[in-house]
Amino acid sequence: LGKEVVEFEENFARYCGVEHCIGVANGTDALSIALSSLELGDDAEVIVPGNTYVATCLGVVHNNYKLVLCDCDSNTYQISLDDLRRKITKKTRAIIVVHLYGMMSNMDDVCDICRDNNIVLLEDAAQAHGAEWKGKKAGSFGKISCFSFYPGKNLGAYGDGGAICTDDEELDKKIRMIRNNGSVVKYKHDVIGRNSR
């Protein structure tokens with residue numbers, strides 16, 4: 001949480017075209033913390049494409065939400081929009097779209113589906129740093145987006161690292177508390193957090 005992290009957060013937020021970037025320990029924490037900050041409810045279902053790394057699924061399960069896997073489009077390996085529409089129920093609270101191999105899902109249709117069904121959109125952009133959909137960067141479409149800086153990623157760190165991006169000021173504050181043991185002021189813990197600095 002030093003000045004280098006703050007400088008990176010500011011620069012990465014600007015690069016992605018969002019208001020806030022919160023650095024965390026790794027991409028798995030980014031997904032878990034992002035979902036935790038939303039408080040989707042005890043019976044929430046979260047749709048995730050089956051063609052993803054296990055960390056996307058772990059973020060859902062660690063928050064005790066029901067994981068609903070969705071097929072992928074055989075031409076793009078991105079989320080299948082047809083199967084996505086079929087998987088939505090009354091309990092669907094969020095969709096995590098996963099941008100893979102530096103390519104993005106059809107964000108026009110994904111955003112329309114989320115808006116029409118009052119579903120929160122999250123982006124797992126761990127493999128899509130700098131990717132664009134119609135001139136707009138990965139990580140700038142969802143309510144929250146998550147990045148990994150594992151050394152093998154498009155933008156790798158010397159070790160593990162991750163980030164959460166959002167335009168929501170309240171979520172920014174909450175996520176910053178969660179990543180730092182629920183605290184903004186030393187020894188004052190307002191929420192249940194974790195050590196993800």
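Lys and Arg at +1, Asp and Glu at -1: add these up for the other residues within a Cβ distance under 15 Å of LEU81 and post the number. Show your work: numbers first, answer last.
Working: positive: ARG85, ARG86, LYS87, ARG115; negative: ASP71, ASP73, ASP82, ASP83, ASP108, ASP109, ASP112, ASP116.
Net local charge, LEU81 excluded: -4.
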Would you pull out the residues with amide H under 5 Å of TRP133's amide H, same chain only if 5 or more places away, H placed 1.01 Å from N? ALA138
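What net charge is computed for the residues neighbouring GLY142, neighbours being all others with C-beta under 11 Å from the C-beta of GLY142, Lys and Arg scored +1, Asp and Glu -1?
-3
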Mean Kyte hydropathy of 1.6 or more with a Cα span along the axis of at least 27 Å, helices from DSSP in the chain: none
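Kirkwood hydrodynamic radius (Cα pairs, Å) of the range 134-197?
13.2 Å is the Kirkwood radius here.
Can you tell me how the range 67-162 classifies by the Cα gyration tensor, rounded, prolate or oblate, using a/c under 1.5 as the rounded cut?
In terms of gyration-tensor shape, prolate.
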Per its Cα gyration tensor (rounded if a/c is under 1.5, else prolate when a/b beats b/c, else oblate), the range 1-129 is best filed as prolate
Select from the range 95-137 those trypsin sites (Lys or Arg not before Pro) which occupy a DSSP coil region and have at most 10 other Cβ atoms within 10 Å, ordered by residue number. LYS134
Stretched out fully, how many nm does the piece from VAL6 to ASN181 gain, at 0.36 nm a residue minus the Cα gap? 61.2 nm
Suppose we keep just the DSSP beta bridges with both residues in the chain; what percent of those would be antiparallel, to 5? 50
VAL5: net charge of surrounding residues, Cβ under 13 Å, Lys/Arg +1, Asp/Glu -1, itself excluded? 0
Grab the DSSP H runs of the chain that are 4 residues or longer, score each as -39,500 (n - 2.57), total them, divide by all residues and round the 222 nm result to the nearest 500 deg cm²/dmol. -9500 deg cm²/dmol
Percent accessible area from carbon and sulfur atoms, the chain, protein chains only, probe 1.4 Å: 48
Whole number in Å², please: accessible area per residue of the chain, 1.4 Å probe, ligands, DNA and RNA not counted. 51
Explain nothing, just the number: dipole magnitude of the range 1-99 about its Cα centre with +1 on each Lys and Arg Cβ and -1 on each Asp and Glu Cβ, in debye rounded to the nearest 20. 360
Would you grab the residues whose amide H sits under 5 Å from the one on GLY161? Only those 5+ places off in sequence or on another chain, please, with H modelled 1.01 Å from N. GLY27, PHE149, TYR150
Considering the chain as a Gaussian network with a 10 Å cut-off on Cα pairs, which listed residue, THR92, THR76, THR166, attains the greatest mean-square fluctuation? THR76
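The values are calculated or read from the model by the stated rules, or taken from the named source; none is laboratory data. Note that the coordinates shown come from a computational prediction; the quantities given were computed from them, not determined experimentally. Note that each Cβ is placed from the backbone with ideal geometry, even for glycine, and that neighbours are counted across all protein chains shown. These area figures cover heavy atoms from the full protein model, side chains too; ligands, DNA and RNA do not enter into them. Shrake-Rupley method; radii C 1.70, N 1.55, O 1.52, S 1.80 Å.
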